[in-house]
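Report on one structure; see the data block that follows.
Laboratory data are not the source of any read-out in this text; all were calculated from the coordinates shown. Note that the structure is predicted; figures quoted are calculated from it, not measured. Reconstructed Cβ throughout: ideal geometry from the backbone, glycine too, with neighbour counts over all protein chains shown.
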Amino acid sequence: MTQDAQPVHSGSRGIRSPRWWLLTVSTWFMIALTFSLGRWQMGRADYKIALAASIEARGREPALDQMALLGQTDLAGQLHRSVRIQGQWLAQNTVYLDNRPMGGRAGFWVLTPLQLEGSNQVILVQRGWIARDFIDRQRLAPVQTPAGAVQVSGRLALWPGKLYELGADERGPIRQNLDIAQFRVETGLPLINALVVQVGPSSEGLQRNWDAPNLGVDKHHGYAFQWFGLSALLLTLYVWFQWIAPRRRKGRD
């Protein structure tokens, strides 16, 4: 091979072609981007770990009684705090949220408003879970709702997550989702903008083996591993095709 026939990127003067520079800049940009995305996912995982610790600490705080609950101006700041409330069930407004599994089984979350004792305020209580009848979806397992005054122990929680649904919003006892503002208008009840998840042993035909909040820490770690792996792969391919392989070919020439 004559000197004139040699590629410009491998000449004795070390001149690199525009294509070589384009590939180099593009590759290092993608390496930096994928590495940054991996760092971001790790940051999200660290945030979720700190949040889980905060939730656990909040659960160990003394339970709010009814007076303290009604006196709260920032209920969102008391999420996952234990509560003890008294009142009377408004059984006619019970709602069954569909497609809410427990222990790997399909079923319903049972939600009933509780008229708080000594107050005109009402709070929605996620009382427990019942299994679905796979032959007849409209057939619900019996749930006992005591009349008169009851005491409920639970924890403040986020409103039930919204699942994908087709068509218009449902208005019957069995629903896919429940919007608190819409439910407040529908029932005319002065609902507090909060939800209590009842805890304790199974009773009244309801199970209460609630799963701990899944914050997705493992998911963020998995995404971070993928981004870091892609970053390492890009670096390896760049070094091989831009540096090692050309030198091996040049050595054979």
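Here's the picture: charge each Lys and Arg Cβ at +1 and each Asp and Glu Cβ at -1 in region 174-253, and of Pro190, His221, Ser203 the one pushed furthest to the positive end of that dipole is His221.
Among residues other than Ile85 with Cβ under 9 Å from its Cβ, the summed charge is -1 (Lys and Arg +1, Asp and Glu -1). For a paramagnetic label modelled on Gln86 (point 7 Å from Cα along Cα→Cβ), amide N atoms under 18 Å away belong, within region 113-151, to 114-123, 146-151. Once divided by 2.2 N^0.38 Å, the Cα radius of gyration of the chain becomes 1.65.
Take every Cα pair under 8 Å whose residues are at least 6 apart in sequence, average their separation, divide by the length of region 81-198, and the relative contact order is 34 percent.
Taking only C-alpha pairs under 8 Å that are 6+ residues apart, what is the relative contact order of region 33-131 in percent? Please report the intermediate quantities before stating the final value.
Details: 120 pairs, mean separation 17.7, N = 99.
Relative contact order for region 33-131 comes out at 18 percent.
How big is the Cα convex hull of region 81-198 in projection, averaged over all directions, in nm²? Walk me through the numbers on the way to the answer.
On the way: hull surface 31.0 nm².
Mean orientational projected area (region 81-198, Cα hull): 7.8 nm².
With viscosity 1.567 mPa s and temperature 4 °C, the Kirkwood radius over alpha carbon pairs of region 35-106 converts through Stokes-Einstein to a diffusion coefficient of 80 µm²/s. Note on the chain: GNM, Cα springs under 10 Å; of Asp136, Asp98, Asp46, the largest mean-square fluctuation is that of Asp136.
Applied to region 33-46, the Karplus parametrisation 6.51 cos²θ - 1.76 cosθ + 1.60 on θ = phi - 60° returns per-residue 3J(HN,Hα) values of 5, 5, 5, 5, 5, x, 4, 5, 5, 5, x, 5, 5, 4 Hz, with x for Gly and Pro.
Taking only the Cα atoms of region 198-253, the radius of gyration and Dmax are 26.4, 85 Å.
Per residue, the average separation of C-alpha pairs within less than 8 Å and at least 6 apart gives the chain a relative contact order of 24 percent. For the modelled label position 7 Å from the Cα of Leu233 along Cα-to-Cβ, which residues of region 31-72 have backbone nitrogen atoms closer than 14 Å? Output list for this probe position: 31, 34-35.
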